């Protein structure tokens, strides 16, 4: 363990992580050496490789192949261009999770703009403040037709360019805008695909997470697209067990709270369920909301004995990833947040850091470097290359991070 960058008077102890395809940059941050120049290029390559595969399925709604999704998104991009939207402009995406949301998001991205994700569940007053704070040049909302014109794709973005503006702290009167670059998003995708060993043989992922949050968009939608898989959305569906069977779902992604609510229904329908992967987005608030993580893992194991279960912890500032734990292998998972994976490195700050307890700090190629239009928040939460999570944890000799109220 070594000492890293820190604020004056703070004790910081690092817990390094390693990965074969990562190299340390001049700023000390681990970086992937084989990333596409931009997110649009990665997706464009997948469209050509898997053009006739289903990319998005909305239960009871549209079913779009990669070619159809890309074509519709490029026409939305052309429509935005007709409205004067160009490179670096901000386009707010404010609509419920749906196939239309994916088309709108990709359309904004292909236009060269920076999509601004506005969670549909935000109260109207806060959503208006977020849109104003982002200085959005255009809003793609739930009502009316999406822009439409001659297909257009802006492919001039670079790794360091902003690719997404995602707001965090929805319970606050004014959430903070997190700037995520192409490198942040592509690194998070590489980390998830590598850590989970996602196959390229037709993965079908039922995503029950809101797409406007990093855990839905960055951790599930994009990695599934990266391996040519199918993202299945079920907004408003009442019988998820039927969806698992009819859509041949092999992967399901949700929060512990959502999974806990599904257990009774799934228990009544055991036949025909072919789930092999269970992904839980376990931010601190979600883990607290699920009263017994170990009991939930056991219940899901009984329902899907062949499935691998993992929990992913992260923040919007870390592109929604950072820590991962295999819930089927860790016997005591009640307080476990996970092990660092991908290019994420950890540090502890505070007087008890040498003893393995303190505030958790993260850095890596997936970690944002700043907030949008908020220098005071940047100063408070970013120290050199480290992001201060505000979560107090303990880290054992094996690198396992556990929540620590003390």
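No value in this document is a laboratory result; all are computed from the given coordinates. All figures in this text were calculated on a predicted structure; none of them were measured in a lab. Using ideal geometry, Cβ is built from the backbone for each residue, glycine included, and neighbour counts are taken over all protein chains shown.
Each of 304, 392, 259 was scored by other Cβ atoms within 10 Å of its Cβ. Arranged with the fewest first, they read 392, 304, 259. Computed on the range 12-403, the Cα convex hull volume stands at 135 Å³ per residue.
Take the convex hull of the alpha carbons in the range 40-157; its mean projected area over all directions comes to 7.3 nm². Modelled spin-label separation between residue 23 and residue 239, with each label point placed 7 Å from Cα along the Cα-to-Cβ direction: 5.5 nm. Among DSSP beta bridges whose residues both lie in the chain, state the antiparallel percentage, nearest 5. Around 60 percent antiparallel, to the nearest 5. Report note on the peptides 140-153, 220-233, 196-209: ranked by the mean count of other C-beta atoms within 10 Å, highest first, their order is 220-233, 196-209, 140-153.
Over all orientations, the range 26-89 has a Cα convex hull whose mean projected area works out to 7.1 square nanometres. When a/c reaches 1.5 or more, the comparison of a/b and b/c decides; with that in mind, is the range 200-260 rounded, prolate or oblate per its Cα gyration tensor? Judged from the Cα gyration tensor, the range 200-260 comes out oblate (a/c at least 1.5, b/c at or above a/b). Per residue, the average separation of C-alpha pairs within less than 8 Å and at least 6 apart gives the chain a relative contact order of 18 percent.
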